Amino acid sequence: RYVGQQADLQITNHGSDWYYTVCALMGLTTLIIMGLAFRKPQTHRLFHYITAAITAVACVAYFAMASNLGQLPILVEWARPGSRWVRAAGTREVFYARYIDWAITTPLLLLELLLTAGVPTPTILVTLLADVFMIVCGLIGALTQTRYKWGFWTFGMAALFFIAYELLFDARRHANVLGGDPKKTFWTCGVWLLLLWFLYPIAWGLSEGGNVIHPDSEAIFYGILDVLSKIGFAGLLLWGHRKTSPRALGR
Ligand code: RET
């Protein structure tokens with residue numbers, strides 16, 4: 001079943017099955033959203049198209065990970081086979097495919113939220129830039145074989161705090177000016193997004209960072225987070241915008 005490079009610590013068939021399950025969920029959601037889009041007039045499909053792009057990219061990434069592709073064996077300095085931490089002479093399977101997915105999809109998720117709030121284009125651009133910076137930091141950290149990886153994690157955290165600041169202080173102000181449904185949708189989706197996004201660096205610390213949990217548990221942790229922050233977020237956002245016309249967002 002497995003092709004590609006083998007690591008000492010890698011997903012089992014259970015992990016692979018779970019990745020295929022998430023892959024199917026993402027694919028199904030893409031089809032449903034495209035179906036919903038075609039029932040709307042062309043001028044009202046923006047959020048459907050962006051959301052479908054997000055789940056389509058995730059579908060491909062999960063297909064790769066389920067097939068044990070898009071991964072590299074990375075040397076782990078410390079591991080805990082039993083109850084104690086020991087200097088390890090082994091490798092852990094690290095899925096870089098995740099970061100390619102996130103580099104494309106997390107800017108799109110933020111874009112949807114910032115369009116909902118009606119923030120100016122320069123604000124959108126710096127926020128998306130900080131987001132890409134954050135994901136690249138996570139990728140480089142994950143591929144780093146020494147404790148220097150935590151340096152990259154720290155830079156990524158700084159970017160996440162900047163994004164949170166932009167949403168809580170800048171975007172919120174603009175959403176309040178819009179009022180009505182866009183304001184409500186910005187609030188529900190914004191709170192949902194921020195709560196979930198702060199769990200990602202924890203998952204990273206336990207998997208790629210500290211090698212504390214097994215790659216199968218990593219699959220479940222990231223998988224649930226991705227389902228909630230892509231499919232869950234999509235549901236809240238599209239429902240919130242069910243009555244929104246382009247004019248309400250100043251376009
Ligand atoms: C990393 C490690 C470096 C520090 C931080 C991280 C944050 C990642 C986030 C990822 C969000 C992913 C989403 C995927 C979509 O489904 C890169 C793990 C802060 C916030 C929402």
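The values are calculated or read from the model by the stated rules, or taken from the named source; none is laboratory data. Note that this is a predicted model, so its numbers are computed, not measured. For neighbour counting, all protein chains shown are included, and Cβ atoms are generated from backbone atoms with ideal geometry for every residue, glycine included. These accessible areas exclude ligands, DNA and RNA; they are computed on the full protein's heavy atoms, side chains included. Shrake-Rupley method; radii C 1.70, N 1.55, O 1.52, S 1.80 Å.
Just a few scattered comments:
- Q42 versus Y20: modelled label distance in nm, points set 7 Å from Cα along the beta carbon direction: 4.1 nm
- Per residue value of the accessible surface for the chain (all protein chains in place, 1.4 Å probe), Å²: 48 Å²
- Over the stretch 190-251, Cα pairs under 8 Å with separation of 6+ residues give a relative contact order of 34 percent.
- Modelled this way, with points 7 Å down the Cα-to-C-beta line, the labels at E77 and L129 are 3.2 nm from one another.
- Length-normalised contact order of the stretch 132-173 in % [C-alpha pairs under 8 Å, at least 6 apart]: 37 percent
- Simple Cβ-charge dipole of the stretch 1-100, Lys/Arg +1 and Asp/Glu -1, about Cα centre, in debye nearest 20: 260 debye
- Length-normalised contact order of the chain in % [C-alpha pairs under 8 Å, at least 6 apart]: 23 percent
- Point-charge dipole on Cβ atoms (K/R +1, D/E -1) for the stretch 32-183, about Cα centre, debye to 20: 340 debye
- Peptides 84-94, 136-146 ranked from most to least packed, by the mean per-residue count of other Cβ atoms within 10 Å: 136-146, 84-94.
- FRET efficiency estimate (nearest 0.05) - Cβ-Cβ, D181 to F161, R0 25 angstrom: 0.30
- All lysines inside 29 Å of K184 as judged from Cα atoms, apart from same-chain residues fewer than 8 positions distant: K40, K230, K243
- Percent of beta bridges antiparallel (DSSP, the chain, rounded to nearest 5): 90 percent
- Sum of side-chain charges, I163 neighbourhood, beta-carbon under 11 Å (Lys, Arg +1; Asp, Glu -1): -3
- Surface share of carbon and sulfur [accessible, 1.4 angstrom probe, percent] for the chain: 71 percent
- Over the chain: helical MRE at 222 nm, DSSP H runs n ≥ 4 each giving -39500 (n - 2.57), nearest 500: -20500 deg cm²/dmol
- Diagonalising the gyration tensor over the Cα atoms of the chain and scaling each eigenvalue by 5 before taking the square root yields semi-axes of 35, 21, 13 Å, largest first.
- Total formal charge among the other residues, if their Cβ is under 14 angstrom from that of I33, Lys/Arg +1 and Asp/Glu -1: +4
- Whole-Hz couplings from phi, Karplus 6.51/-1.76/1.60, listed for the stretch 37-50; x for Gly and Pro: 4, 6, 8, 9, x, 3, 6, 10, 9, 3, 5, 5, 5, 5
- Listed residues T29, Q5, S83: farthest to the positive end of the dipole of the stretch 1-91 (Cβ charges): T29
- Projecting the Cα atoms of W153, L111, I74 onto the dipole axis of the chain, where Lys and Arg carry +1 and Asp and Glu carry -1 at the beta carbon, places L111 farthest toward the positive end.
- Here each label is just a point 7 Å from Cα along the line to Cβ, and for F198 and V86 those points are 3.8 nm apart.
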